[in-house]
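Data first, discussion second: the structure below is written as structure tokens.
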Amino acid sequence: MAAAAKAGEATLRHAFGNVLSFFILLLIGVLAFSIRLFSVIKYESVIHEFDPYFNYRVTQFLTKNGIYDFWNWFDDRTWYPLGRVIGGTVYPGLTLTAGTIWWLLNSLNIPLSVETVCVFTAPIFSAFASWATYLLTKEVKGAGAGLTAAALLAMVPSYISRSVAGSYDNEAVAIFALIITFYLYIKTLNTGSLFYATLNAIAYFYMVCSWGGYTFIINLIPMHVLLCIVTGRYSSRLYIAYAPLVVLGTLLAALVPVVGFNAVMTSEHFASFLVFIILHVVALVYYIKGILSPKMFKVAVTLVVSVGLVVCCAVIAILVALVASSPTKGWSGRSLSLLDPTYASKYIPIIASVSEHQPPTWPSYFMDINVLAFLVPAGIIACFLPLSDASSFVVLYIVTSVYFSGVMVRLMLVFAPAACIMSGIALSQAFDVFTRSIKFQLLRILGFSEADAGDGSSANVVPENDAVKVDKSEETIKERPSRKNKKKEKEQMEKAQAEKTSAKSKTEKRLLVLPMELSVIGLLLLVFMGAFYVVHCVWAAAEAYSAPSIVLTSYTHEGLHVFDDFREAYAWLRHNTEVDDKVASWWDYGYQTTAMANRTVIVDNNTWNNTHIATVGTAMSSPEKAAWEIFNSLDVKYVLVVFGGLVGYPSDDINKFLWMVRIGGGVFPHIKEPDYLRDGQYRIDSQATPTMLNCLMYKLSYYRFVETDGKGFDRVRRTEIGKKYFKLTHFEEVFTTHHWMVRIYKLKPSKNRIRGKMKKSKSRTSTPSSKRSGSRKKNPWQ
Amino acid sequence: MARSTGKDAQALFHSLRSAYAATPTTLKIIDLYVGFAVFTALIQVVYMAIVGSFPFNSFLSGVLSCVGTAVLAVCLRIQVNKDNKEFKHQMIFIPQIAGPTTRASFCRLCSLQFGAAFGDHEFPWINLDPAST
């Protein structure tokens with residue numbers, strides 16, 4: 001009777017807890033969405049940066065022309081004259097997702113434009129990602145930790161930086177796909193159900209569609225399987241979790257055109273196959289061990305080892321020979337630069353030049369994950385008490401992601417969910433102990449007589465924020481699946497008993513309980529820490545990560561000043577040039593030019609062809625005539641240059657010039673970097689080398705610059721320029737934006753060759769231009 | 001020493017065979033199916049070694065679908081095995097059907113898709129190429 005009443009009460013409490021969780025999750029989703037809207041409020045609903053413009057253009061094409069044309073699209077408006085096979089070289093996940101959302105909304109007669117859908121895709125998927133984090137952490141440590149982790153992920157600045165409204169890039173959906181793949185893997189590991197294994201493979205397929213970072217998953221999961229095998233935690237659920245994923249996953253990954261046969265041929269995937277084989281061997285060994293007697297098993301082992309070793313060596317020798325025969329050992333350039341951080345700077349300057357690929361500085365860790373940086377070690381310790389398959393996976397995840405985040409600042413993004421999970425676990429455990437202590441102490445104070453459940457151990461326990469207490473299994477650890485009723489009853493029974501006896505009969509450890517004041521203070525401090533985190537995240541989202549990069553603002557004494565030069569220049573190009581005109585610029589601006597100005601470009605941000613980029617770089621570093629020749633051979637009509645000297649915009653082409661020289665010099669040896677350096681520095685003032693003062697980039701940037709203030713003071717380099725008065729012979733200026741940030745030049749057509757004047761002097765033949773006789777006249781083409 | 005190894009091997013095979021004979025018939029049927037799937041995959045590998053690997057995608061889809069069938073059948077065997085204490089017997093049949101069905105349909109889809117890229121090699125009657133109309 002009493003038990004039934006208690007059961008009813010527990011059901012009610014449980015139901016109430018569920019409803020509360022649901023509403024909290026809903027609020028977390030709303031939070032994740034709204035914190036990313038600062039850029040829309042401060043600027044406008046516009047697509048940011050460079051890469052999102054390409055994705056936006058592809059999505060436009062998809063919505064206009066349908067999916068078959070999208071798969072078969074050969075883009076001739078970029079990488080002129082090579083073109084680019086977009087269907088086969090783009091990760092289609094993001095564009096297909098946004099296209100599907102647009103199509104769905106439009107078929108429901110909600111007429112949102114493609115741009116709106118693209119801008120808001122990222123915040124929506126970050127809400128989904130926080131829900132996925134809740135699910136993942138719930139599998140590892142329980143619902144409380146799940147909710148905390150989800151709340152932390154909704155706000156963590158590292159993730160916000162790549163998923164604000166308007167940052168329409170692959171990571172927006174890829175992080176969601178990553179977390180949900182991990183969740184489904186852990187769920188399969190915990191339950192051993194093939195249903196989740198299939199879902200896992202489908203989620204992995206979505207991840208492969210979305211981002212090149214899928215290789216992280218296909219290497220992390222095999223590593224975890226290997227770890228489980230080596231630590232003796234092999235079970236049949238492990239087999240069910242891993243083997244279908246590998247086979248189905250490889251099959252599905254090969255379906256994506258950009259991956260194709262790489263799914264079985266590149267070294268990034270070999271780890272999964274290797275572990276697949278190892279897993280089968282281990283499964284076989286366990287099976288045979290199960291059906292044989294121990295003596296026979298020993299015999300079997302000796303036999304197999306002697307024979308198998310020979311076979312193994314042969315196979316490994318063949319494999320090593322195959323892999324070693326390729327110069328990069330089968331790895332792609334980007335993966336190699338992750339494993340060996342110095343690789344890119346030695347061999348592939350393009351990868352080294354991208355600012356996102358530089359290693360992060362120490363302060364950026366605090367900026368990006370803030371308070372979580374101290375909670376992560378506590379979470380790691382919490383995962384070891386007790387260690388389950390799921391918690392070992394999360395530990396492995398965070399260790400590997402810390403390494404990769406140290407190599408490349410862009411990969412801080414992969415580290416952020418791991419940090420949130422760990423911190424969620426740590427915070428949840430800490431809160432558990434504090435509230436349990438308070439509840440227990442309160443009950444004791446209010447007069448429960450038989451209260452002696454292992455308390456007063458404050459001497460052993462360090463009352464700091466990041467101490468972790470030993471937990472009873474009533475805390476929602478999930479090692480085995482158990483139905484909710486059973487768990488709830490167990491919980492209830494144990495609560496009742498805890499007030500009477502100290503130690504339980506079986507394997508549970510003693511409850512540690514802190515004194516009341518300590519718990520209250522600890523709780524308050526944790527809340528303050530959380531408040532600090534929230535304040536920092538909101539500040540980071542509002543001030544640091546919401547800049548669209550295409551519109552710049554600054555605060556002068558007159559108020560807000562807006563620099564909209566980029567769009568001004570692209571609009572000018574769009575309205576004042578022919579549709580087929582080719583525009584040359586440095587590769588940073590390629591995507592924006594094709595998307596907004598709708599003109600054919602020579603190189604763009606995809607950077608797949610190093611030689612082509614080197615050609616443009618050489619042209620920018622050469623004197624006018626040579627540059628004209630190069631551009632003319634590429635059919636270029638207009639050259640676009642970004643110049644920040646008048647307003648102090650530091651990311652202009654003169655500051656990027658060193659990369660033009662390096663990349664150009666890497667392919668064309670007549671460009672030698674020391675020619676441009678004075679004392680090891682690139683200078684544009686009077687101390688600059690003559691090669692520098694004569695190169696096209698200098699001339700196009702500083703043409704007529706002296707007219708602005710009479711002295712030609714460059715606000716970025718903070719000096720006066722070296723050569724102030726010069727004329728352009730092969731180019732003419734057609735447009736300069738309001739703040740001189742973008743300058744557009746047109747190639748002058750070559751002059752007609754003059755035959756009449758040549759006849760006066762020695763006319764051997766009717767060859768048009770003889771240098772000797774033309775020297776009297778000012779021939780600009782010399 | 002070779003003698004004793006030989007005798008040991010014989011004793012080993014004997015005990016293996018007797019232990020295996022004790023498994024229930026349903027599991028044996030599943031094992032037979034797994035063996036058949038692996039055999040099919042091996043045949044395809046041998047064929048590729050003889051004839052050459054073009055078109056590679058048909059080889060890939062064929063081998064991977066056979067291996068996938070084998071793996072999923074092994075998973076079925078694991079879950080159906082009464083000696084395995086970790087699984088509840090009744091609740092798993094639906095996932096068992098769903099899993100292999102999904103995989104089979106994916107594999108057929110993949111082979112079709114791969115085949116369609118080289119329409120005249122694998123499935124000449126398929127004409128999915130929109131440009132050819």
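We did not get these values from a lab; they are worked out from the coordinates using the rules stated. Keep in mind it's a predicted model, so treat the numbers as computed, not measured. Every residue, glycine among them, receives a Cβ derived from its backbone with ideal geometry; neighbour counts consider all protein chains shown.
Count, for each residue of A:278-288, the Cβ atoms from other chains sitting within 10 Å of its Cβ, then give me the mean as a whole number.
Per-residue shielding by partner chains comes out at 1.
Of the listed pairs A:K295/B:K7; A:K637/A:K723; A:K625/A:K748; A:K625/A:K746; A:K289/B:K28; A:K289/B:K82, which have alpha-carbon separations greater than 21 Å here?
Over 21 Å Cα-Cα: A:K637/A:K723.
At 0.36 nm per residue, and after removing the present C-alpha to C-alpha distance, how many nm does the segment from A:V30 to A:L322 gain when stretched out fully?
That pair, A:V30 and A:L322, stretches by 99.9 nm at full extension.
So how strong a dipole does the range A:562-747 carry about its Cα centre when Lys and Arg Cβ are +1 and Asp and Glu Cβ are -1, to the nearest 20 debye?
Around 360 debye, computed over the range A:562-747.
If we count other beta carbons within 10 Å of each Cβ, what is the order of A:T137, A:T615, fewest first?
Listed from fewest to most nearby Cβ atoms, that is A:T615, A:T137.
Over all residues in B:11-19, what is the mean tally of Cβ atoms on other chains that come within 10 Å of each residue's Cβ?
4
How large is ³J(HN,Hα), in whole Hz, for each residue of the range B:33-45 in order, when computed from phi with the Karplus curve 6.51 cos²θ - 1.76 cosθ + 1.60 and θ = phi - 60°, using x for Gly and Pro?
4, 4, x, 4, 5, 5, 4, 4, 4, 4, 4, 5, 5
Round to the nearest 0.05 the FRET efficiency obtained for A:N598 and A:A531 when R0 = 41 Å and r is the Cβ-Cβ distance.
0.25
So who's got an amide H within less than 5 Å of the one on A:Y682, skipping anything under 5 residues away but keeping other chains? H placed 1.01 Å off N, in plane.
none
Around A:T719, which amide H atoms from residues at least 5 apart in sequence, or from another chain, sit under 5 Å from its own amide H, with H modelled in the peptide plane?
Amide H neighbours of A:T719: A:D714.
Hey, can you grab everything whose amide H is under 5 Å from the amide H of A:T553? Only 5+ residues off in sequence or another chain; H modelled, so Pro and N-termini drop out.
Those lying under 5 Å, H to H, from A:T553 are A:F563.
In Å, what is the Rg of the alpha-carbon atoms in the range A:534-671, and how long is Dmax?
17.4, 57
How high is the FRET efficiency from A:I278 to A:N18, r the C-beta distance, R0 30 Å, rounded to 0.05?
Values: r = 41 Å, r/R0 = 1.38.
That pair, A:I278 with A:N18, gives E of 0.15.
Taking θ = phi - 60°, what integer Hz values does the Karplus form 6.51 cos²θ - 1.76 cosθ + 1.60 yield along the range A:142-153, in sequence order, with x for Gly and Pro?
With the stated coefficients, the range A:142-153 comes to x, 5, x, 4, x, 5, 4, 4, 5, 5, 5, 5 Hz.
Compute the relative contact order of the range A:575-634 as a whole-number percentage, counting only Cα pairs closer than 8 Å that sit 6 or more residues apart in sequence. Display every interim value, and only then the final one.
Numbers: 64 pairs, mean separation 16.2, N = 60.
27 percent.
For the range A:598-749, with the dipole built from +1 on Lys and Arg beta-carbon atoms and -1 on Asp and Glu ones, taken about the Cα centre, which of A:G665, A:T708, A:L747 lies farthest toward the positive end?
A:T708
So, in nm, how far is label A:Q681 from label B:K7 when the simple model puts each one 7 Å beyond its Cα toward the Cβ?
Each label point lies 7 Å from its Cα, and together they span 8.8 nm.
Karplus couplings for the range A:372-384 from phi (6.51 cos²θ - 1.76 cosθ + 1.60, θ = phi - 60°), rounded to Hz, Gly and Pro as x?
4, 4, 8, 7, 4, x, 4, x, 4, 5, 4, 5, 7
Is the range A:562-747 rounded, prolate or oblate when judged by the Cα gyration tensor, a ≥ b ≥ c being the square roots of its eigenvalues, rounded requiring a/c under 1.5 and prolate requiring a/b larger than b/c?
Oblate, because a/c is 1.5 or more while a/b does not exceed b/c.
Taking the Cβ of each residue in A:T198, A:T100 as the centre, tally the other Cβ atoms inside 10 Å and list the residues starting with the fewest.
Going from least to most buried by this count: A:T100, A:T198.
What's the exposure ranking of A:Y91, A:Y68, going from fewest to most Cβ atoms within 10 Å?
By the 10 Å Cβ count, ascending, the order reads A:Y68, A:Y91.
Once you average over the residues of B:70-78, how many Cβ atoms of partner chains fall within 10 Å of each Cβ?
6
If I take R0 = 41 Å and measure r between the Cβ atoms of A:T611 and A:T708 in this structure, what FRET efficiency does the formula 1/(1 + (r/R0)^6) give, to the nearest 0.05?
On the way: r = 37 Å, r/R0 = 0.91.
It comes to 0.65.
State the antiparallel share, in %, of DSSP beta bridges confined to the range A:562-747, rounding to the nearest 5.
Antiparallel: roughly 75 percent of the beta bridges in the range A:562-747.
May I ask you to order A:619-625, A:419-425 by the average number of other C-beta atoms within 10 Å around their residues, highest value first?
Sorting A:619-625, A:419-425 by mean packing, highest first, produces A:419-425, A:619-625.
For the pair A:C313/A:L443, report the inter-label distance in nm, with labels modelled 7 Å from Cα in the Cβ direction.
Each label point lies 7 Å from its Cα, and together they span 6.5 nm.
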